[in-house]
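The values are calculated or read from the model by the stated rules, or taken from the named source; none is laboratory data. On a predicted model such as this, the values are computed, not experimentally measured, just so you know. Cβ sites come from the backbone with ideal geometry, for glycine too, and all protein chains shown count toward neighbours. In case anyone asks, the SASA skips ligands and DNA or RNA and just uses the protein heavy atoms, side chains included. Shrake-Rupley method; radii C 1.70, N 1.55, O 1.52, S 1.80 Å.
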Amino acid sequence: MDHPLSWPLGLDSLAYGGDYNPEQWPEEVWREDVRLMRQAGVTMVSVGIFSWALLEIERGMYNFGWLDRLLDLLDENGIRADLGTPTVVPPAWFYREHPEALPVNREGIRYEFGGRGAICHSSPAYQDAALSITEKLARRYATHPALALWHVHNEYGVPVSACYCETSAAHFRRWLTDRYRTLPELNSAWGTAFWGQRYVQWQDVRPPRLTPTAGNPAQQLDWARFTNDAILDNFKRERDMLHRLSPGIPVTTNFMTALSQCESLDYWAWGREVDIVSNDHYLVAEAERNHVNLAMSADLTRAVAGGRPWLLLEHSTSAVNWQHRNIAKRPGELARNSMAHVARGSEGAMFFQWRASRFGAEKFHSAMLPHAGTESRIWREVVSLGADLGSLGSVRGSRVKADAAILWDWQSWWAQKLEWRPSTDLDPRERADTWYAAAYDHHLTVDFAHPEADLGEYPLVLVPALYLMTEASSRNLARYVRNGGTLVVSCFSGIVDSHDTVPPGPHPGALRDVLGLTVEEFAPLRAGEQVLLAGEGQQLTGDVWSEFVVPRGADTVWSYVDGPAAGHPAITRHPLGYGSAWYVSSRLSARDVGAVLTRACSDAGLIERRLPHDVEVVERVGATNHYLFAINHSSTDAVVPLPSPGTELLTGAPVTDELTVPAGATRVVRHA
Ligand code: GLA
């Protein structure tokens, strides 16, 4: 373990359990709960996350008795507690006193109390009240024997992140003053010479509220940064209080790294501030092959954790309740999902939630203990997963071995998703998903990396969407290629700087030299229009985007056969220093991105694993052992070659040079 707070105190196995909301049940049910938790092999539960109104009934009037009894009961049964600070739902009395702490949306409408997360993060009243209940909890439970981990707030950033009220406006101006010092600096960074927006007094600078036409993109981008920072400051206040009053207990807050519902936080910054990175992941239930998105979420979370082990704090045993059609998981899917997270670095598998709610907005959400009770498939699968995870304790602390990296930058997405881009069909998140799927189907294990991170350890780096690039990231990629790396870049990358400003000269300003080309003009396609690309004896199909690429050192590998750029280069390769840089100027499907990947892998000297489709193989490397996870998402049995003999941990069977993984099953081999 690399630092003392990197693991829930006293937890001596993988974490297994879920959100536990016993306040929704009479206390006699709690005894049955802990009995069943023991039966299922539960090791830790998350409690108190939404309990502020029950703990502080009116300002300064506390009722901790029920939480005392609950934590004692957990302790008596050997179950560790991940204790929430309940600051995601201030009580009704708080809003009675401080209606101004309810957030205001971009249109100027104030939200009401009654859901959750209705918080203006710039509100001093909210900050004080949140710190006060956090302090009370920390003082009371710092030394409670059940306490293993602090769980601050819940899913910062949703359901609302920004508040556009006057208090937030003043806070935004303070943030801008720190960043730009003077108004001329701000005017220059925001390009206020455009459409007569020039400011002469700070008081005129406001949040980017609803405007009749497209708002200033640089202002909106800074607003997104400010919002992230304001929320992060509130997390840090609670964390610092907990560190001070409850030393030795790690602090986490549950991220949602790859959920498209939460793109308002820059988790690169957040990952540095928590003791343990934890994540919530929910399948897009209707998507075919949604295990690919799961893998991406896990890989991204590991990257945010700096490669350290992390913890899956929530996923679902079966259906959720908040998608359009909440498809139930099929038999075995619960185990495969959990094991895939563990394979990719999670030190356990936790769920929302332990016992299904009878009332409230989430009563149709699945749980470890469903409404159907213990005579149910879900319960049997929960018990069986608990036993399987129980046999994997030794993987703790081991690290995932990756073949390649994908660059990922929330700030670039914030910029690209603003109004008035050349084509709204070109979506950065879709590109990241598709390129990730291409890597997944090549059986490459990928890390994600920030564009300014050291990439030297990766033979191959993919850039599916990096519209905004800083000078530092531009230099970083050039250094990477010159030193022998293989870089593959997708269209509409390297277009603007950190103020959403196009650098002088032709696109792509930040990547011209490394890619050995310029782009004379973008040529987005009509809805449904496709273009053919020919090269390498292989035809590929693009849609949404094409452009006029002018090679300036790069070689053309595929050319456009038809469409606006017919006859012009479509996919190029630029030998540079000891490496090479590929450029893909159209939007390709995962299959066709795969054709480029095959070429790039050979440049990078990566030997692709020969494995059946949808058999996921990931390795974790520990101090003394290697662990090979093989998860068979397909409906036929698969055979996976093994690097050396070992022991299959779920069955206890010895294995030699190959491993049979039955359809739908997971196997974990420990090699010496
Ligand atoms: C999120 C929340 C939980 C619950 C689940 C339902 O992850 O953190 O409280 O609402 O969603 O899927």
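Couple of notes before you dig in:
- Flag: residue 584 matches the condition of being under 23 Å from residue 478 (Cβ atoms) and open to solvent by less than 50 Å² (accessible area, probe 1.4 Å).
- Among the candidates 424, 470, 434, the residue that is modelled with pLDDT of 95 or more, polar (S, T, N, Q) and buried (at least 20 other Cβ atoms within 10 Å of the Cβ) is uniquely 434.
- All of 137, 176, 131, 149 fail the test of being under 30 Å from the mean Cα position of the chain (by Cα) and within 16 Å of the ligand (Cβ to nearest atom), apart from 149.
- Residue among 233, 222 that is of a type in the set (Asp, Glu), within 30 Å of residue 352 (Cβ to Cβ) and away from the ligand (no atom under 16 Å from the Cβ): 233
- Options 252, 301: the member that is buried (at least 24 other Cβ atoms within 10 Å of the Cβ) and assigned by TED's automatic domain parsing to the domain that holds residue 151: 301
- Subset tally (residues that are within 16 Å of the ligand (Cβ to nearest atom), without any contact (Cβ under 8 Å) to a residue 60 or more places away in the chain and touching a helix residue (DSSP H, G or I) at 6+ places or on another chain (Cβ under 9 Å)) for the range 365-395: 2
Residue-by-condition table, conditions (1) over 23 Å from residue 156 (Cβ atoms); (2) open to solvent by less than 60 Å² (accessible area, probe 1.4 Å):
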site	(1), (2)
25	yes, yes
28	yes, no
55	no, yes
64	yes, yes
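- Spans of helices (runs of 4 or more DSSP H) in the range 19-93 with at least 3 residues closer than 30 Å to residue 161 by Cβ: 52-55
- Only listed residue being without any contact (Cβ under 8 Å) to a residue 12 or more places away in the chain, open to solvent by 40 Å² or more (accessible area, probe 1.4 Å) and under 23 Å from residue 430 (Cα atoms), chosen from 479, 526, 475: 526
- Residue check for residue 308: at pLDDT 95 or above, away from the ligand (no atom under 15 Å from the Cβ) and open to solvent by 30 Å² or more (accessible area, probe 1.4 Å): no
- Counting only helices (runs of 4 or more DSSP H) that fall entirely inside the range 116-232 and contain at least 2 residues that are on the phi > 0 side of the Ramachandran plot and open to solvent by less than 20 Å² (accessible area, probe 1.4 Å), no element qualifies.
- The residues of the range 444-454 that are under 25 Å from residue 586 (Cβ atoms) and more than 17 Å from the chain's Cα centre (by Cα) amount to a single one, 444.
- The residue of the range 261-273 that is nearest to residue 341 (Cα to Cα), among those that are more than 16 Å from the ligand (Cβ to nearest atom) and either touching a residue at least 60 places away in the same chain (Cβ under 8 Å) or open to solvent by less than 10 Å² (accessible area, probe 1.4 Å) (or both), is 271.
- Complete set of residues in the range 337-364 that are in contact (Cβ under 8 Å) with a residue 40 or more places away in the chain, open to solvent by less than 10 Å² (accessible area, probe 1.4 Å) and either within 15 Å of the ligand (Cβ to nearest atom) or more than 22 Å from the chain's Cα centre (by Cα) (or both): 337, 341, 349, 350, 351, 353, 354, 357
Residues are listed down the side, and each one gets a yes or a no for (1) away from the ligand (no atom under 16 Å from the Cβ); (2) open to solvent by 30 Å² or more (accessible area, probe 1.4 Å); (3) touching an Asp or Glu at 6+ places or on another chain (Cβ under 8 Å):
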residue: 11; (1), (2), (3): yes, no, no
residue: 31; (1), (2), (3): yes, yes, no
residue: 77; (1), (2), (3): yes, yes, no
residue: 85; (1), (2), (3): no, no, yes
residue: 88; (1), (2), (3): no, no, yes
residue: 94; (1), (2), (3): yes, no, no
residue: 101; (1), (2), (3): yes, no, no
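- Residues satisfying the stated conditions in the range 529-553, i.e. of a type in the set (Gly, Ala, Ser) and open to solvent by 10 Å² or more (accessible area, probe 1.4 Å): 534, 535, 537, 553
- Residue count for the range 94-113, restricted to those that are in contact with a helix residue (DSSP H, G or I) (Cβ under 6 Å, 6 or more places away or on another chain), of a type in the set (Gly, Ala, Ser) and not in a helix (DSSP H, G or I): 0
- From the list 328, 319, the lone residue that is open to solvent by 20 Å² or more (accessible area, probe 1.4 Å) and either part of a loop (DSSP other than H, G, I, E, B) or more than 15 Å from residue 267 (Cα to Cα) (or both) is 328.
- Residues in the range 277-291 that are open to solvent by 10 Å² or more (accessible area, probe 1.4 Å), aliphatic (A, V, I, L, M) and touching a residue at least 24 places away in the same chain (Cβ under 8 Å): 3 in all.
- Qualifying residue in the range 182-195 (condition: in contact with a Leu (Cβ under 8 Å, 6 or more places away or on another chain), outside the structural domain of residue 69 (by TED's automatic domain parsing) and not polar (S, T, N, Q)): yes
- Going through (1) at pLDDT 95 or above; (2) crowded, with 23+ Cβ neighbours inside 10 Å; (3) within 17 Å of the chain's Cα centre (by Cα) one by one, residue 258 falls short only on (1).
- Matching strands (runs of 3 or more DSSP E) fully within the range 521-569 where at least 1 residues are at pLDDT 95 or above and more than 23 Å from residue 581 (Cβ to Cβ): 530-535, 538-543
- Matching residues, the range 116-128, being within 16 Å of the ligand (Cβ to nearest atom) and touching a residue at least 60 places away in the same chain (Cβ under 8 Å): 116
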